[in-house]
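Engineer: Below: one structure in structure tokens.
Bear in mind these aren't lab numbers, they're just calculated from the coordinates by the rules spelled out. Since this is a predicted model, take the numbers as computed values, not measurements. Cβ: placed from backbone, ideal geometry, glycine included. Neighbour counts: every protein chain shown.
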Amino acid sequence: METINPHYENLGGEPGIRKLVEAFYHIMDTDPMATRIRQLHPEDLSSSKEKLFMFLSGWLGGPPLYIEAYGHPRLRQRHLPFPIGDEERDQWMGCMHQALEQCGLDEELKQQLIGSFSKTADFLRNKK
């Protein structure tokens, strides 16, 4: 029997994660503070959106969609081709923070997620 993590459930399952991903990429695509990270993505964000949705589904304790489709995420390895420093990390986190705000989450859940996203974003830095 598959165990679902409360983060996945508390975000609203698949619809909640899709809402978060849509908000995140809308902010990245329209907020001038996200210029650097937007430039690291393809013009058409469809694939990026779907991959982030699939990854977050498993990462947050739901179905491991990304692993089923692509294998182990190997986040650091997959992000090595992109120059990620403090500025890019901070822009990504700024977009995610705004997206979490837009989703109207409980403050405790939001803070837990920000902490987890921060650790992961910091881990992905690969330039000084």
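Engineer: Compute the distance in nm between two label points, each set 7 Å from the Cα along the Cα-to-Cβ direction, one at D44 and one at I114.
Structural biologist: Result: 3.6 nm between the two label points.
Engineer: Once the other residues with Cβ under 13 Å from the Cβ of I27 are scored (Lys, Arg +1; Asp, Glu -1), what is the net sum?
Structural biologist: That works out to -1.
Engineer: Within the chain, which whole H helices from DSSP have a Cα span along their axis of at least 27 Å and a mean Kyte-Doolittle hydropathy of -1.0 or more, if any? All intermediate terms of the calculation are to be shown ahead of the outcome.
Structural biologist: Values: long enough: none.
The answer is none, since no helix passes both cut-offs.
Engineer: Now, a different point. Please enumerate, by chain and number, the lysines with C-alpha under 27 Å from the C-alpha of K127, excluding those fewer than 8 residues away in the same chain.
Structural biologist: Qualifying lysines at Cα under 27 Å: K49, K51, K119.
Engineer: Taking a point 7 angstrom from the Cα of R36 along the C-beta vector, which residues in region 68-102 have backbone N less than 12 Å away?
Structural biologist: Those under the cut-off are 83-94.
Engineer: Among L80, Q91, I67, which residue has its Cα furthest toward the positive end of the charge dipole of region 24-100, with +1 on Lys/Arg Cβ and -1 on Asp/Glu Cβ?
Structural biologist: I67
Engineer: Between [x] 7.7; [y] 13.1; [z] 8.9, which matches mean projected area of the Cα convex hull in nm² calculated for the structure shown?
Structural biologist: Comparing each candidate, only [x] matches the computed number.
Engineer: Across region 56-115, what fraction of all alpha-carbon pairs, as a whole percent, falls in each successive 5 Å bin from zero upward?
Structural biologist: 4, 14, 18, 21, 22, 18, 4, 0
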